[in-house]
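Asker: Quick one: the structure is below, questions incoming.
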Amino acid sequence: MNIIRRLFNNPTNEELKPTAEPLIAPETLPNAMPPPLVSLATSTGEIALNTDTLTTDITNDRADDPLDAPVATAIVTKPLDPDSVSSLNLEGATRELVPDQLYGHLLHNHLTFGVASHVGAVRSNNQDAAFTLFSAGRSADEIPDFGLFIVADGMGGHHDGEKASALVARVIAAQVTKSIFMPIIQGDNISQNPISELLINAVEKANADLNVKVPEGGTTLSSCLVIGGMAYVAHVGDSRIYLAQRDTIEQITRDHSLVQRLIELDQLTPEEARDHPQHNVLYRALGQNESVEVDTLTRRLPPRSRLLICSDGLWNLVEDHELLDVIRQFNNPQEACNKLIAMANMRGGVDNITVVLLYMPG
Amino acid sequence: MPETNLLPDKVGAKDVALDTSLKSNDVLHNRYKIMGVLGGGGMGTVYQARDLNFIEVRKLVAVKEMHTIAPDATLRASMIKTFQREANILATLSHPAIPKIFDFFELYDRVYIIMEYINGSDLELILQKTKEVPIDKLIEWAIELCDVLEYLHDQKPQPVVFRDMKPSNVMIDSLGKVRLIDFGIAKSFVSGVKNTMIGTEGYSAPEQYKGDISPQSDVYSLGATLHHLLTRKDPRLEPPFSFNERPIGDANPSAPPGLIAVVNKALTFNPNERYTNCAQMKADLQALRYRPQLSFNMNVGASAPNTNGNTSSINPTNMGVGPSLVPTSLFEDVSATSSIQPSWKFKTEDEIRCSPVAYKDFAFIGSYDTNMWAVKVDTGELVWKFATHGGIASSPIMDETNRSVLFGSEDNTFYALDYRNGRVTWTFQTKDRIRSTARLAHDHVFFGSDDGKLYALGALNGRQIWSFELGTPIRSRPFVTNELIIAGGESGEIVAVTLSGNRKWGYRTKRSVMSSPFVDMNEGICFIGSSDNFMYALDANTGYNSWRYRTNGPIISSPTTYKNLVVFGSADGNLYALNAQSGREKWKFKTDKPIVASPIVHRDAVYFGSTDHMLYCLDAETGKERWKFKTGGAITATPYIAGDLLLIGSMDHKLYALPLVS
């Protein structure tokens, strides 16, 4: 009767427990979380191990399935050097996995993520943009984990494409920081405006700036704001966000493309859409118009779920079930990102490829 | 005399080919003196030119220049061939709405067509320059367009499909007559698009994207063109094939229903349900011409416009009579099962404002007559009643473990009664009226009181565990998760309290909260309505607001969910179903009076009562009415499902038991 016990509990102990439903029998939960095994990496991507807490006493009989097993991974905040990534990826090579035993199976309660962007094997410039921002703290203030993750796929000649995607990622990051992140870390209640409306405002501001500064450029936008265990998505265009849980992967955004619309109306099969001469015609993008309609949605990110944000350079060449395979295979999100880019390049790399991958703690 | 330039010799360089190569005063082919540019696009340029063979008069022509920049010689040759073939077709056509073609030649890297110059404006320009296109004019143009399309489609041996009907390809000449320009020739030059592009053609029929091009594709595009003219919403900026999401009547109240019906039929998604040919469409339009308001008579029949599975806003039988007269409720009544008869009724002595609960053989209902009544659930016979000292406005709940019926009364007391005989098990006194329905969870009872407190009592004996002071009457029913108790108060504040009675988060709406929160336990999202007219979606753990949705009246009704939908009523009279993740409306259902009662979902149906006296059963997926049942008074209570019966209390003092039909 864990719940009843808590009804009379000292609330300060209460706060230290994970807010999600306990996935391990309550008896095995320590009263307070152990210090993190893997602490937040510095900007150099270093991994700091807390060897004092290395234990092997918690075993998990489903350790072969990373989505089922508690995952301990490093936070790698810095994308790999593009040059080294490209040589690495084109051969399809990835680094050797660090054996699980080294990390143990301890819970740690912050999300980890990887990010990679690659020009591909055909194009001469990379018009995609990726942006990540993540903060995690542990203090009496109980500031929830906060993350902003953006993929934008720019289009337009004369470098307008990369200008457009870069500008949009930057403006949205600045807006979200100002309207949501700053109030949270300042301890203010964030404004009464719904987060989806604040995100829409940010996207509209980015669209307005884009129309002024890069009038010939356009871009897709798939962004995910994470506060605690909740994902707030804002989406325009045909970059995608997938949510992977256990053995399923679900595309949670809807492509604003002509062929997707034809599929929805039963006029095309997904296979036909792939080869359709107009498969990359969008009906909605940033920079298209003075106003832009933004899809927003809110999803709970369950413990150990994984969220993938990517440009069409990935999903056009790598099938959904293959995405899931890679996401399940790698315990390190950065390595999974590198692997996905390598796969797209192995298959021709016809477009720029950008991947952001979040692993929720278990 | 103006200076005259001859064209330079062979233009070899590729980069020049992309520029506008003809300038004013250039003379092409020793005959056509360029006056200026009329238009252009990626594929070429159209110039206005003077035919110098006519010295005495000023004969103007249009010079259409095609860039043939394909690097591959074979491809280039085939492009020119296609162009030539199309030009040949044009040369054989003779119709007042089709511009005459005078000449066709290849020069250097370009191909040229010399054709009739049309003095006028295209429809796109007219759309920009005017506020509203007069309906009678629009009908005339539509008839003329049908006529020219009909002529094209009747060509032998093969029909000519225009393929590119859109406002910018329709000119209105100086006489006000329709002229079709740009015979889709440029289209054959479009090769596989490599880069991502923004914007669709917007006017093309869905089957055109599969390569199925027939005269009916032109019918669709004509419909799309007329839709654009009527609604002034550019389809190129909207999702493809979404015309039915922008009803013409909404954007343009002056559009007669008959015209709307013609356009919608032309825009039918399935080509088989469209007009088979332009002659039919023309006939329907001509019928509108003389007495557009009255004598509309067409062969739309039962194929109501329905472009992608969503129902249309047009009632087919309503079209013939113009803006009158057939109330839609007439049709609803026909489809509604009027034969629903209650299995039993039970009359109390005052209004029933709350919901019943059933357990084993009994149903329990509180009434404003101060009594808690227990009746047999299958017959409605009285078993016992228990009198309190105040009206009962909260609903009883069943504690099966302790075999008690739990409820609060306006006599400030919370009661636990033995369900079998109505004897008091325990009571608990608050300092003001209790109108909040209790929640039983984790062996505890949680409820709010007008004294401003949220109480947690042990279910076994009614001993108080804690109380939480909100400082404002709490009339909503708390929701209890594994972590938190969430409730709303009269001040508009929504609060989440931990199981140990400490405040976790708060969210302030602008008016009182009487709607009870509902938490989707999988997603951890709390839905709650407020008298400030908004439905809110809050993160149950943090209170952060993810979206809100505005209705046109206070929301007293408590939300529930069906699959991915949040369902609730509003005092604006509508029952709403929103997408839970995005807060977008999926459907809504209009009743005649405000809805304050909460809906319930059972299997694939939504049941709810309205102050219009009706209990409704709707299809949860679509919001379509399945049946309704009329009580003798306003319904403010939530229905309760007991086996194969639906129990509903009404302000007419009665509790009804209806057989559960869905």
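The values are calculated or read from the model by the stated rules, or taken from the named source; none is laboratory data. Predicted, not measured: the structure shown is a model, and the values here were computed from it. Backbone-built Cβ (ideal geometry, glycine too); neighbour counts: all protein chains shown.
Asker: Restricting to region B:214-237, count the residues that are facing chain A (nearest Cβ under 10 Å) and touching a helix residue (DSSP H, G or I) at 6+ places or on another chain (Cβ under 8 Å). Working first, answer last.
Answerer: First, pick out the residues of region B:214-237 that are facing chain A (nearest Cβ under 10 Å): B:234-237.
The next check asks that each one be touching a helix residue (DSSP H, G or I) at 6+ places or on another chain (Cβ under 8 Å); those that pass are B:234-235.
Final tally of qualifying residues: 2.
Asker: Assess whether A:LEU265 counts as being surrounded by fewer than 21 Cβ atoms within 10 Å (Cβ to Cβ) and within 23 Å of B:GLY202 (Cβ to Cβ).
Answerer: yes
Asker: Within region A:146-153, is there a residue that is within 13 Å of another protein chain (Cβ to nearest Cβ), surrounded by fewer than 24 Cβ atoms within 10 Å (Cβ to Cβ) and within 26 Å of B:GLN581 (Cβ to Cβ)?
Answerer: yes
Asker: Give me a count of the residues in region B:612-643 that are more than 21 Å from B:PRO396 (Cβ to Cβ) and either touching a Leu at 6+ places or on another chain (Cβ under 6 Å) or assigned to a strand (DSSP E or B) (or both).
Answerer: Residues meeting the conditions: 11.
Asker: Give me the residue from region A:159-181 that is touching a residue at least 12 places away in the same chain (Cβ under 8 Å) and among the small types (Gly, Ala, Ser) and, out of that set, farthest from the other protein chains (Cβ to nearest Cβ).
Answerer: A:ALA173
Asker: Inside region A:325-362, can you point out the residues that are part of a loop (DSSP other than H, G, I, E, B) and not aliphatic (A, V, I, L, M)? Show your work before the answer.
Answerer: Of all residues in region A:325-362, those part of a loop (DSSP other than H, G, I, E, B) come to A:330-332, A:347-352, A:360-362.
Those that are part of a loop (DSSP other than H, G, I, E, B) and not aliphatic (A, V, I, L, M): A:PHE330, A:ASN331, A:ASN332, A:ARG347, A:GLY348, A:GLY349, A:ASP351, A:ASN352, A:PRO361, A:GLY362.
Asker: Still on this structure, please answer the following. Please specify each residue of region B:520-547 satisfying the condition of being more than 8 Å from chain A (Cβ to nearest Cβ) and not in a strand (DSSP E or B).
Answerer: Once the filter is applied, which keeps residues that are more than 8 Å from chain A (Cβ to nearest Cβ) and not in a strand (DSSP E or B), region B:520-547 yields B:MET521, B:SER530, B:SER531, B:ASP532, B:ASN533, B:ALA540, B:GLY543.
Asker: Sticking with this structure for a sec: Hey, can you tell me all the residues within region B:486-500 that are more than 9 Å from every other protein chain (Cβ to nearest Cβ) and small (Gly, Ala, Ser)?
Answerer: B:ALA487, B:GLY488, B:GLY489, B:SER491, B:GLY492, B:ALA496
Asker: May I ask you to list the residues in region B:421-449 that are without any contact (Cβ under 8 Å) to a residue 40 or more places away in the chain and not in a strand (DSSP E or B)?
Answerer: Answer for region B:421-449, where residues must be without any contact (Cβ under 8 Å) to a residue 40 or more places away in the chain and not in a strand (DSSP E or B): B:ASN421, B:ARG423, B:THR430, B:LYS431.
Asker: Would you check if there is a residue in region B:205-213 being modelled with pLDDT of 80 or more, part of a helix (DSSP H, G or I) and more than 8 Å from every other protein chain (Cβ to nearest Cβ)?
Answerer: Yes: one or more hits.
Asker: Within region A:281-294, how many residues turn out to be surrounded by fewer than 21 Cβ atoms within 10 Å (Cβ to Cβ) and under 25 Å from A:CYS337 (Cβ atoms)?
Answerer: Qualifying residue count for the region: 0.
Asker: How many residues, within region B:49-64, are out of contact with any Leu (no Cβ under 8 Å at 6 or more places or on another chain), hydrophobic (A, V, I, L, M, F, W, C) and in a strand (DSSP E or B)?
Answerer: Summing the residues that are out of contact with any Leu (no Cβ under 8 Å at 6 or more places or on another chain), hydrophobic (A, V, I, L, M, F, W, C) and in a strand (DSSP E or B) in region B:49-64 gives 2.
Asker: So if I check each of B:ARG503, B:ARG508, B:ARG550, which one is surrounded by fewer than 20 Cβ atoms within 10 Å (Cβ to Cβ), more than 9 Å from chain A (Cβ to nearest Cβ), of a type in the set (Lys, Arg) and without any contact (Cβ under 8 Å) to a residue 24 or more places away in the chain?
Answerer: B:ARG550
Asker: Those residues that are at pLDDT below 85 and either under 23 Å from B:GLU140 (Cα atoms) or among the β-branched types (Val, Ile, Thr) (or both), I need them from region B:171-201; list them, please.
Answerer: B:ILE181, B:ASP182, B:PHE183, B:ILE185, B:VAL190, B:VAL193, B:THR196, B:ILE198, B:THR200, listed by residue number.
Asker: Can B:LYS385 be described as of a type in the set (Lys, Arg), within 23 Å of B:MET651 (Cα to Cα) and more than 47 Å from the chain's Cα centre (by Cα)?
Answerer: Considered against the rule, which asks whether it is of a type in the set (Lys, Arg), within 23 Å of B:MET651 (Cα to Cα) and more than 47 Å from the chain's Cα centre (by Cα), B:LYS385 comes out as yes.
Asker: Taking only pairs six or more apart or across chains, which ones have beta-carbon atoms under 6 Å, a first residue in region A:295-322 that is surrounded by 21 or more Cβ atoms within 10 Å (Cβ to Cβ), and a second residue that is of a type in the set (Phe, Trp, Tyr)?
Answerer: A:THR298/A:TYR232; A:ARG306/A:TYR359; A:LEU308/A:TYR242; A:ILE309/A:PHE149
Asker: Hey, another quick one. For A:ASP153, are the conditions met, namely being at pLDDT 95 or above and over 29 Å from B:TYR544 (Cα atoms)?
Answerer: Spelling it out, A:ASP153 is indeed at pLDDT 95 or above and over 29 Å from B:TYR544 (Cα atoms).
Asker: Residues that are within 7 Å of chain B (Cβ to nearest Cβ): find the helices (runs of 4 or more DSSP H) completely inside region A:182-296 holding 3 or more of those.
Answerer: A:258-264
Asker: Quick check on region B:465-519: of everything there that is assigned to a strand (DSSP E or B) and touching a helix residue (DSSP H, G or I) at 6+ places or on another chain (Cβ under 8 Å), which residue is farthest from B:ARG433 (Cα to Cα)?
Answerer: B:THR498
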